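First comes the structure, then the notes that go with it.
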Amino acid sequence: MDACSQSSLAIVVLISGGGSNLQSIIDRIKEGSLSATLRCVISDQENAGGLQRAVESNIPTRVISPKQSESRHDFNTQLVREIAKFQPDLVVLAGYMRILDSAVIDAFDGKIINIHPSLLPKFRGLDTHQRAISAGEKIHGATVHFVTAELDAGPIIAQRAVDVRAEDSAHELQSRVLQQEHIMLPEVIQLISENRVSLKSGKVLIDGKPFQVTVT
Ligand code: GRF
């Protein structure tokens, strides 16, 4: 099955790097467990490995880089315009390493999700795996959340946790967390496509109930 040809939820994915989470979305669409149409992959880095993954699955790609823009305003305008062209129901930040400007967030209000490699609200920002190890955390993991103006602070949709092992390097911990990300992100997109995710008083409900952390 082609990753572009499925019906239902139209998504645009933003990346900056290798795109293993993007690949998990592509794979789930192809195998039929995620009913979404991947309309475009947009990167802020022209050499992002994820762009090649998209090309291999015949998904349109765009590079919108601040380096090629005259100003921040120009960059944001281009990004909004390009995303809007694809009329997405959902914009997925899958390893997009740039803080979205409020102009972009407002343009797709309530329709942007991000995957972050920590159990938010712990460890917002970068270098989360080493910070979790250094802090002596017993569990660590990843979060999918709606994007709001405050960095890594929007309503949480799902979390998956793994044990931190005594001998873990940041790299080893990151690998185990990534495995969970690859399960969780397509699952969340599927829940959204089935209209099972709602917001009440700033909290996410799934099938009307608060989310549960999945511990593996
Ligand atoms: C993931 O750990 C994601 O949580 C974070 O950036 C990383 C992207 O990895 N936001 P990949 O590009 O999907 O392999």
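Can you work out which of the residues in region 145-164 that are hydrophobic (A, V, I, L, M, F, W, C) and outside any loop (DSSP other than H, G, I, E, B) is nearest to Val13 (Cα to Cα)?
Phe146
Could you list all residues from region 117-144 that are part of a strand (DSSP E or B) and crowded, with 22+ Cβ neighbours inside 10 Å? Spell out the reasoning first.
Start the filter on region 117-144 by keeping residues that are part of a strand (DSSP E or B), which leaves 139-144.
His140, Gly141, Ala142, Thr143, Val144, listed by residue number.
Tally the residues that are surrounded by fewer than 21 Cβ atoms within 10 Å (Cβ to Cβ) and away from the ligand (no atom under 14 Å from the Cβ), restricting the search to region 41-63.
Summing the residues that are surrounded by fewer than 21 Cβ atoms within 10 Å (Cβ to Cβ) and away from the ligand (no atom under 14 Å from the Cβ) in region 41-63 gives 9.
Condition check: part of a helix (DSSP H, G or I) and either modelled with pLDDT of 95 or more or out of contact with any Cys (no Cβ under 9 Å at 6 or more places or on another chain) (or both). Does Ser198 satisfy that?
Working: part of a helix (DSSP H, G or I): no; either modelled with pLDDT of 95 or more or out of contact with any Cys (no Cβ under 9 Å at 6 or more places or on another chain) (or both): yes.
In short, no.
Read through the list (1) part of a helix (DSSP H, G or I); (2) within 16 Å of the ligand (Cβ to nearest atom), then give the number of the only condition that Val104 fails.
The failed condition is (2).
Is there a residue in region 178-187 that is surrounded by 13 or more Cβ atoms within 10 Å (Cβ to Cβ), of a type outside the set (Asp, Glu), closer than 24 Å to Gln45 by Cβ and more than 16 Å from the chain's Cα centre (by Cα)?
no
If I filter region 68-91 for residues that are surrounded by fewer than 15 Cβ atoms within 10 Å (Cβ to Cβ), at pLDDT 95 or above and within 16 Å of the ligand (Cβ to nearest atom), do I get at least one hit?
No; the residues of region 68-91 include none that is surrounded by fewer than 15 Cβ atoms within 10 Å (Cβ to Cβ), at pLDDT 95 or above and within 16 Å of the ligand (Cβ to nearest atom).
I'd like the residue in region 1-40 that is modelled with pLDDT under 95 and among the small types (Gly, Ala, Ser) and, out of all such residues, is farthest from the ligand (Cβ to nearest atom). Even if it seems obvious, please write down each step before you answer.
Keep residues of region 1-40 that are modelled with pLDDT under 95, which gives 1-8.
Then keep just the ones that are among the small types (Gly, Ala, Ser); that gives 3, 5, 7-8.
Values: Ala3: 16, Ser5: 23, Ser7: 25, Ser8: 23 Å.
For region 1-40, the residue satisfying everything is Ser7.
So which residues in region 160-216 are within 16 Å of the ligand (Cβ to nearest atom) and under 17 Å from Val92 (Cβ atoms)?
The answer is Arg160, Leu178, Gln180, Glu181, His182, Ile183, Met184, Leu185, Pro186, Glu187, Val188, Ile189.
From Glu194, Glu172, Glu150, which residue is more than 20 Å from the chain's Cα centre (by Cα), acidic (Asp, Glu) and surrounded by fewer than 15 Cβ atoms within 10 Å (Cβ to Cβ)? Write out each step before concluding.
Working: Glu194 fails: more than 20 Å from the chain's Cα centre (by Cα); Glu150 fails: more than 20 Å from the chain's Cα centre (by Cα).
Residue meeting the stated conditions: Glu172.
The values are calculated or read from the model by the stated rules, or taken from the named source; none is laboratory data. In this text the structure is predicted, and so the values were computed from the model without any measurement. Here Cβ is always computed from backbone atoms with ideal geometry, including for glycine, and neighbour counts include all displayed protein chains.
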